[in-house]
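See structure below.
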Amino acid sequence: MEDRTISRAVISRLPRYYRYLGELLNAGVERISSSELSKRMNVTASQIRQDLNNFGGFGQQGYGYNVQYLYSEIGKILGLNKQHNVIIIGAGNLGQAIANYEAFEKSGFVLKGMFDINPNLKGKKVRGVPICMMDELKQFVKTHDIEIAALTIPKTNAKEVANILVQNGIKGIWNFAHIDLQLPEDIVVENVHISDSLMKLFYRLSSQEKTI
């Protein structure tokens, strides 16, 4: 079944299933029912079954789900069974924080390089990954088979840099710049607005205060 037939809501829940199943594996759990999983995740059992049925189901009535198998299959659906070469554009605090997050590599995301316009950062390394200058970007993308770029730069430069990346073969952009990028349809863009998440927190706090 093609990804375009699956709703974004279902796809957005897959990483959460993957995370919880990983925790179950680490705890030595071999089998789990949809009702047991629903209690852990605060998602209804019917929702879990509906979500997984989009990809074939994976469970057996009266048996539940084999945790290792389901974890592996969701990993494949998410593309985590392949290596994805990644670069980070912007070697400031956020860029370096992402580079230092080792768990990404366990999921197949391999950081190959970082880029910045600050000459004082040239040649420095973050967890062994060198910081290069932007004039090295085009050649680096081609020679290192880069598929994904994370943008941790100001929004004023994001569109220009994104277009350069697309022109040089980048297929996916993880965008932390405070702007929604509009790129060709065959380019996958995930816009991440940290402030949006914070405002949702503010709203929930305000809602609680009104009910007290």
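The values are calculated or read from the model by the stated rules, or taken from the named source; none is laboratory data. Note that the structure is a prediction, hence the values are computed from the model and not measured. Please note: Cβ atoms are built from the backbone with ideal geometry, for glycine as well, and neighbour counts cover all protein chains shown. The protein model used for the area step is the full one, side chains on, heavy atoms only, and it has no ligands, DNA or RNA in it. Shrake-Rupley method; radii C 1.70, N 1.55, O 1.52, S 1.80 Å.
Answer yes if at least one residue in segment 68-76 is open to solvent by less than 80 Å² (accessible area, probe 1.4 Å) and either assigned to a loop (DSSP other than H, G, I, E, B) or free of Cβ contacts under 8 Å to residues at least 40 places away in the same chain (or both), and no otherwise.
Within segment 68-76, one or more residues are open to solvent by less than 80 Å² (accessible area, probe 1.4 Å) and either assigned to a loop (DSSP other than H, G, I, E, B) or free of Cβ contacts under 8 Å to residues at least 40 places away in the same chain (or both).
Considering only residues of segment 130-158 that are among the β-branched types (Val, Ile, Thr) and either buried (at least 20 other Cβ atoms within 10 Å of the Cβ) or in contact (Cβ under 8 Å) with a residue 60 or more places away in the chain (or both), which is farthest from ILE98 (Cα to Cα)?
Taking segment 130-158 and keeping what is among the β-branched types (Val, Ile, Thr), we get 131, 141, 143, 146, 148, 152-153, 156.
Checking the rest, the ones that are also either buried (at least 20 other Cβ atoms within 10 Å of the Cβ) or in contact (Cβ under 8 Å) with a residue 60 or more places away in the chain (or both) come to 131, 141, 146, 148, 152-153.
Values: ILE131: 14, VAL141: 19, ILE146: 17, ILE148: 14, THR152: 9, ILE153: 13 Å.
Per the criteria, the residue is VAL141.
Scan segment 23-42 and report the pairs whose first residue is under 11 Å from TYR71 (Cβ atoms) and whose second residue is of a type in the set (Gly, Ala, Ser) and modelled with pLDDT under 95, with Cβ atoms within less than 7 Å and a gap of 6+ or a chain change.
Short answer, once both residue conditions are applied: ILE32/GLY64.
So, in segment 77-90, how many residues would count as being buried (at least 18 other Cβ atoms within 10 Å of the Cβ) and free of Cβ contacts under 8 Å to residues at least 60 places away in the same chain?
0
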